[in-house]
1. Extending each Cα 7 Å along its Cβ direction at W117 and E135, get the distance between those two points in nm, one decimal.
2. Give me the count of lysine pairs in the chain whose alpha carbons sit under 25 angstrom apart, restricted to pairs 8 or more positions apart or on different chains.
3. Over segment 45-149, what relative contact order in percent results from Cα pairs under 8 Å that are six or more residues apart?
4. Got a number for carbon plus sulfur as a percent of the chain's accessible area, 1.4 Å probe?
5. Quick one: what are the phi-derived ³J(HN,Hα) couplings along segment 145-152, Karplus 6.51/-1.76/1.60 with θ = phi - 60°, whole Hz, x for glycine and proline?
6. Tell me the accessible surface of I29 in square angstrom (1.4 angstrom probe, heavy atoms of protein chains only), to the nearest ten.
7. In terms of modelled amide H atoms, which long-range or inter-chain residues lie less than 5 Å from the amide H of D6?
8. Out of residues 5 or more away from V72 or on other chains, whose amide H comes under 5 Å of its own, with H placed 1.01 Å from N in the peptide plane?
Amino acid sequence: MFSPYDLAWDGKFYYAIGYSEKYHSISNIRIDRIAHTPEIMPEPGRPIPEDFDLNEYKRTMFRMYNGTRMNVELVCDASVMDAIIDHFGEEVDIGLVDENTFSVSAETAVSHVFYSWLFGFGGKVRLTEPREAVEQYADMVLEAAKSLHEQL
């Protein structure tokens with residue numbers, strides 16, 4: 001059973017955001033991947049939790065891919081400031097490191113989609129915390145490099 005709260009557009013697809021009985025948590029489902037016509041309820045079967053911020057949830061997702069939500073720390077080149085604000089919003093916690101570098105602290109869904117987003121900055125955005133996420137990202141990059149090396 002899925003109790004819908006909202007419908008969100010994420011650049012290419014529509015997603016239903018709501019409570020999933022299967023996962024026992026708030027989740028999202030890409031609309032075009034729903035296998036059968038769901039029974040539409042006139043109101044959510046499970047009320048939206050009072051402490052759940054729907055806008056915050058949508059803002060911190062990467063292409064609506066459900067990953068482990070974590071507070072991450074990034075160290076960024078000043079040239080990527082607009083891209084960081086575009087993704088995390090103007091209220092993101094930003095600190096000055098030096099005249100060419102800033103830091104960001106934000107909650108996000110950590111997954112291969114997030115790591116791919118980081119990689120797209122070509123080293124101008126470094127993930128520094130949490131250690132678990134840094135290690136996962138490093139493993140992903142090393143595996144990708146290994147697969148390329150095997151082709152040479």
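The values are calculated or read from the model by the stated rules, or taken from the named source; none is laboratory data. If you're wondering where the values come from, they're calculated on a predicted model, not measured in any experiment. Positions of Cβ are generated from backbone atoms using ideal geometry, with glycine treated the same way; all protein chains shown enter the neighbour counts. Areas reflect the complete protein model, heavy atoms only, side chains present, ligands, DNA and RNA absent. Shrake-Rupley method; radii C 1.70, N 1.55, O 1.52, S 1.80 Å.
1. 2.4 nm
2. 4
3. After rounding, I find 32 percent.
4. Working: 5250 of 10130 Å².
Within the chain, the accessible surface is 52 percent carbon and sulfur.
5. In residue order, the calculated couplings are 5, 4, 5, 5, 4, 5, 7, 7 Hz.
6. Surface accessible to solvent at I29 totals approximately 60 Å².
7. I17
8. Here A106, E107, T108 satisfy the definition.
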